[in-house]
Structure formats: C-alpha cells, structure tokens
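The values are calculated or read from the model by the stated rules, or taken from the named source; none is laboratory data. This is a predicted model, so every value here is computed, not measured. Neighbour counts are summed over all protein chains in view; Cβ atoms, including those assigned to glycine, are modelled from backbone coordinates with ideal geometry. Surface areas here come from the heavy atoms of the whole protein model, side chains and all, with no ligands, DNA or RNA. Shrake-Rupley method; radii C 1.70, N 1.55, O 1.52, S 1.80 Å.
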Amino acid sequence: EDQVTQSPEALRLQEGESSSLNCSYTVSGLRGLFWYRQDPGKGPEFLFTLYSAGEEKEKERLKATLTKKESFLHITAPKPEDSATYLCAVQYYGGATNKLIFGTGTLLAVQP
Amino acid sequence: EPEVTQTPSHQVTQMGQEVILRCVPISNHLYFYWYRQILGQKVEFLVSFYNNEISEKSEIFDDQFSVERPDGSNFTLKIRSTKLEDSAMYFCASRKSTSGQETQYFGPGTRLLVL
C-alpha cells in the first residue's frame, strides 16, 4: 500500500534553532513530491515541488531536498511566524489524475 | 496572484440535509479536485474532475456525493443527505494541464458541521 510518513509529529524550536522535517514515501513510481504549509483552519499553502532524486528547492528560510525514499524540509534560523503544520504529499505514476496522497504532517512551533 | 476561492467558509446543517459547497478554481486551470480533512486527521482525496467529467474518485466518494461544473468558473460538491461523519474541512484544488506543471493549489476550505 502506498504510504507517506512524516516525522516528527510535532517539533518545538527556539527562534534561530535550525532543524529538519522528514517525509518518507513508499509509492511505486514517484511523479512528484510536494510540500505545503497549513495554518490552523486554513487550506494547504504550496511551498515546493520536487520531481527527481537529488533535486533541491529553496525559499527564504526553507530548503527542500529529495532522495529516492524520502524528502527533508530544512528550516534555517526559524522565526515564530514559521509556526504551522507542514504537509508532505506525493503523486505517483499510474494514477488517473495525479491525486495527492498526504502525510499526517509535522506541527512546528517556534518560540521567541 | 490568482487563487482558488471557496464559499461558504462555514456551513452548519442538520443530518439528512443536502449541502452544496462552491469553489472558483484558478481561471486557466483545467483539472479540479476535492479533498477533505477530518479534524486532527490527514488530508484525503475525494474526487478529480477534467473535461466535464469525473476522472477518478475515492472510496469515500459514494452515491451521496456529486460534483458539477455548472458554468465556466464554478466547481461544486454536493452532498445529498449529510451524515454526522461528513463533518470536516472540504478543500477544493486546481492545477494547470501543462505537463510538468503538476502543482495543485488549494482554496481556504469550507468547514462543514453536521448536527
């Protein structure tokens, strides 16, 4: 069964304390891996798309990387406004319409 | 910047009633999706829609659910007879048709509460 697993479930950081979030996947034939940010009561906000192993994308304090089995979201010198749930989702070849399979997310809290 | 919009933001209904959730996808997008998120759980795929027909649907999307694109801009999800377990956030998403443009953009969601 295709699965997406995110760890840790929750992470508390001090402002400026860098860390990484993990997303491991077991889909057969990855088409794309996506990172979203979700604030409470809001819709997922797109951050990055990664298509192939070795690919990296960067935006402000965030950097996403991809291997053949997992992806990391690195957060450098986080600020309190980075507090949110970070969702990982995958698409796989063979699906009819590129539906997304989501992980359960990592709840990040950055304290000042 | 173009964005997906959804109405209403909140909907409270009685069990057994019909509800219609509305979405306006990004204007040049051709693939449309509905997802739902039960409180505290992961986002789950419901249905995808392309060229005025359903392309794929999940096990959740049973005969009580239907989707429609009634005009050139709106995309709707109808639940004919709501159940308590339909209470969730419902998200609409859309994406371009261009190969290599796989990213789905999500709306802010409709919070549905069935009493």
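If each of A:LEU107 and A:ALA53 carries a label point 7 Å out from its Cα toward its Cβ, how far apart are those two points in nm?
3.4 nm
Given the C-alpha centroids of segment A:1-65 and segment B:56-88, what is the distance between them in whole angstrom?
29 Å
With every atom except the alpha carbons ignored, what do you get for Rg and Dmax of segment A:18-112, in angstroms?
13.2, 45
Less than 13 Å Cβ to Cβ from A:LEU11, Lys/Arg counted +1 and Asp/Glu -1: what total charge do the surrounding residues give?
-2
All other residues with a Cβ under 9 Å from the Cβ of A:THR104 taken together, and with Lys, Arg as +1 and Asp, Glu as -1, what is their net charge?
Result for the neighbourhood of A:THR104: 0.
Rounded to the nearest 100 Å², what is the buried accessible area between A and B, both sides summed, probe 1.4 Å?
About 1700 Å² of accessible surface is lost on pairing.
Based on the Cα gyration tensor of the protein assembly as shown, what are the three equivalent ellipsoid semi-axes, each the root of five times an eigenvalue, rounded to whole Å and given largest first?
Here the semi-axes work out to 30, 21, 16 Å.
Sticking with the crude label model, points 7 Å out along Cα→Cβ, report the distance from B:GLN64 to B:THR76 in nm, one decimal please.
Reported label-point gap for B:GLN64 and B:THR76 is 1.9 nm.
Where Lys and Arg each count +1 and Asp and Glu each count -1, what net charge lies around B:THR5 among other residues with Cβ under 14 Å from its Cβ?
0
Note down the nm distance, to one decimal, between modelled labels 7 Å out along Cα→Cβ at A:SER19 and at A:GLU60.
Simple spin-label model gives 1.9 nm for this pair.
Let me know the number of lysine pairs in segment B:5-97 closer than 20 Å at the Cα, not counting same-chain pairs under 8 apart.
5
Give the cross-link partners of A:LYS69 among the aspartates and glutamates, using a straight C-alpha distance below 19 Å as the criterion and excluding same-chain residues fewer than 8 apart.
A:GLU1, A:ASP2, A:GLU9, A:GLU55, A:GLU56
Per residue of segment A:52-67, in order, report the coupling 6.51 cos²θ - 1.76 cosθ + 1.60 (Karplus, θ = phi - 60°) as ³J(HN,Hα) in whole Hz, putting x for Gly and Pro.
9, 4, x, 6, 9, 9, 9, 7, 6, 8, 10, 9, 10, 10, 9, 10
What do you get for Rg/Rh of segment B:39-115 when both radii come from the Cα atoms and Rh is the Kirkwood radius?
0.96
Which residue fluctuates the most in chain A, going by a Gaussian network model with Cα springs under 10 Å, if the choices are A:ALA53, A:ALA64, A:ALA89?
Among A:ALA53, A:ALA64, A:ALA89, the largest GNM mean-square fluctuation belongs to A:ALA53.
Accessible area of B:ARG22, 1.4 Å probe, to the nearest 10 Å²?
B:ARG22 has an accessible surface of roughly 110 Å² with all protein chains in place.
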